[in-house]
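Each remark here refers to the structure printed beneath this line.
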Amino acid sequence: YFFLNLLFISCIFMFIAVSAFSAEDITLITYYPSPYGMYKQLGTKSLGVGDNDIDGDFDAGDIPTASGEVWFAGDVGIGTTTPAGKLDVNGAIYQRGAVLHADYVFTPDYEMESIEEHTAYMWREKHLKAVPGTKLDESGQEMLEIGAHRKGILEELEKAHVYIDQLNERMKVLEVTLKGLGG
């Protein structure tokens, strides 16, 4: 028994020494609800959940290769336990780190194209100038960057209101002119 105990203790020390100097990949399989209660913390550099490469197996192709990546094969719910799509958020979503508003349209130094130029671009390009055009991913599906798209829509809306104001002022001048002509 002495030699078995010594061998066992030696293996434990070797495991601790190797673990202290090397990274470790683990696969954690758990079931909900946890048989031992709630998990308070789980830290990882990257996380793959499910069969992300859709080959029918959970294997190395389902694990992110870059630090900070998180892959989910199924639907993700934030604030809901019954997601209705790939991402279902029940609550407010906040975005930071980009220009999100288009208030520059109202500044005196903003050079806005004429209504005629705007119209010509719109019909020629088949989209509004400030709204990013269609982009396709590697599988041919449409994709967009939500912040840039939202900002472009808002810029176009604000420009439309400026155009409405310009047209309203023109109309007022024409009404005065028409009244002066006896109309």
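Within segment 98-108, identify whether any single residue is in a loop (DSSP other than H, G, I, E, B), of a type in the set (Ser, Thr, Tyr) and surrounded by 10 or more Cβ atoms within 10 Å (Cβ to Cβ), and answer yes or no. No, the conditions are met nowhere in segment 98-108.
Provide a single number: the residues in segment 132-157 that are assigned to a loop (DSSP other than H, G, I, E, B) and under 15 Å from the mean Cα position of the chain (by Cα).
Step one: of segment 132-157, the residues assigned to a loop (DSSP other than H, G, I, E, B) are 132-134, 137-141, 144-145.
Then drop every residue that is not under 15 Å from the mean Cα position of the chain (by Cα), which leaves 137, 144-145.
The total comes to 3.
If you go through segment 65-84 one residue at a time, how many are in a loop (DSSP other than H, G, I, E, B), at pLDDT 80 or above and closer than 24 Å to Asp55 by Cβ? Please lay out each step first, then the result.
The first filter runs over segment 65-84 and keeps only residues in a loop (DSSP other than H, G, I, E, B), leaving 65-69, 73-75, 79-84.
Narrowing further to those that are at pLDDT 80 or above: 74-75, 79-84.
From what is left, the residues that are closer than 24 Å to Asp55 by Cβ are 74-75, 83.
The qualifying residues number 3.
Does Lys129 count as at pLDDT below 95, surrounded by 10 or more Cβ atoms within 10 Å (Cβ to Cβ), charged (D, E, K, R) and not in a helix (DSSP H, G or I)? The answer is yes for Lys129. Of Glu158, Glu111, all but one fail to be in contact with a helix residue (DSSP H, G or I) (Cβ under 6 Å, 6 or more places away or on another chain) and on the phi < 0 side of the Ramachandran plot; the exception is Glu158.
Yes/no matrix, rows are residues, columns are (1) farther than 16 Å from Ala102 by Cβ; (2) out of contact with any strand residue (DSSP E or B) (no Cβ under 8 Å at 6 or more places or on another chain); (3) charged (D, E, K, R):
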position	(1), (2), (3)
Val131	no, yes, no
Ser139	yes, yes, no
His149	no, yes, no
Glu156	no, yes, yes
Lys159	no, yes, yes
Val162	no, yes, no
Arg170	yes, yes, yes
Leu178	yes, yes, no
Gly182	yes, yes, no
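The values are calculated or read from the model by the stated rules, or taken from the named source; none is laboratory data. Model, not experiment: these values are computed from the prediction. Every residue, glycine as well, gets a Cβ built from its backbone with ideal geometry; the counts of neighbours run over all protein chains shown.
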